[in-house]
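Right, one structure below, let's go through it.
Taken together, the values in this text are just the output of simple stated rules run on the coordinates, not laboratory data. Owing to the predicted nature of the structure, the values given are computational and were not obtained by experimental measurement. Please note: Cβ atoms are built from the backbone with ideal geometry, for glycine as well, and neighbour counts cover all protein chains shown.
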């Protein structure tokens with residue numbers, strides 16, 4: 001079904017916008033979707049099989065790649081040891097491919113679906129197709145399900161909130177990185193920095209390479225001080241007591257990327273809680289055409305247990321797909 005929906009999107013693309021497409025198999029597992037796509041969609045630029053697990057045996061993918069070029073099929077690039085939650089480096093790496101991107105994420109558990117949305121949101125104009133089939137619910141939804149059964153001591157409302165990354169401009173991202181670099185500098189201590197004489201980690205005054213002459217030693221101490229960051233603002237060249245930075249904290253605050261907050265408590269009135277969660281997730285997707293589709297796959301366990309009711313948060317999982325495009 002996922003590949004059928006992808007084919008439908010490919011067929012509907014205007015002729016004047018049919019640039020090369022890279023299909024990204026998000027959290028690919030053993031890469032079966034990647035393998036099928038390589039054989040079915042020969043017009044693709046490439047397929048990226050992305051997964052956090054670095055120990056998956058991809059012998060079948062490597063075998064398929066052996067004659068892919070001669071057979072006119074797109075190669076499958078294996079991106080193992082790739083954490084979907086590390087959004088910033090992943091956005092940079094995916095953007096560097098240089099083609100239109102299409103994401104397919106089958107049975108993404110817990111907070112992986114929101115993370116996939118965050119990656120897509122930060123590739124505007126590049127990621128033009130997103131198809132997700134959420135699986136196990138995020139812990140925030142499970143927190144709320146437990147809370148409904150009876151308030152838990154110390155339960156916080158914030159634990160029902162799912163943050164999802166939204167688009168951040170290149171300039172804003174650069175400023176955030178710079179701010180957090182200054183914060184990291186401000187948290188350093190002189191004794192934990194490499195010595196300017198021997199590059200070992202120890203205070204400069206304890207270095208065995210210090211010269212005996214007092215004048216030379218004072219000059220080295222001055223140079224080391226200029227290279228050490230201010231413990232308040234993180235900038236180089238001055239001490240904390242001489243810092244003129246105005247801030248409301250002892251150290252620069254952590255600069256966070258922009259997010260939208262999804263409150264799972266708002267779906268209580270939905271007929272299907274799982275479908276309600278999927279509908280809620282779509283509100284964070286920054287694309288123009290967004291649909292939630294029930295593909296009709298029955299959950300056999302739910303049928304046997306007669307548990308496809310309002311309070312069963314898992315009723316409907318693996319059957320409901322989120323499809324978005326721009």
Rounded to whole Å, give me the distance from the Cα center of the range 53-79 to that of the range 252-299.
33
Multiply the residue gap between residue 283 and residue 52 by 0.36 nm, knock off their C-alpha separation, and tell me the result in nm, one decimal place.
80.5 nm
Highest to lowest packing among 52-60, 99-107, 122-130, scored as the average C-beta count within 10 Å:
99-107, 122-130, 52-60
At R0 = 22 Å, FRET efficiency that the Cβ-Cβ distance of residue 245 and residue 205 yields, to 0.05
0.25
In whole percent, the Cα-Cα distances of the range 36-146 spread across 5 Å bins from 0 upward as 2, 10, 18, 21, 20, 15, 7, 3, 2, 1, 0, 0
Using a basic spin-label model with each label point 7 Å from the Cα along Cα→Cβ, how many nm lie between residue 161 and residue 223?
4.9
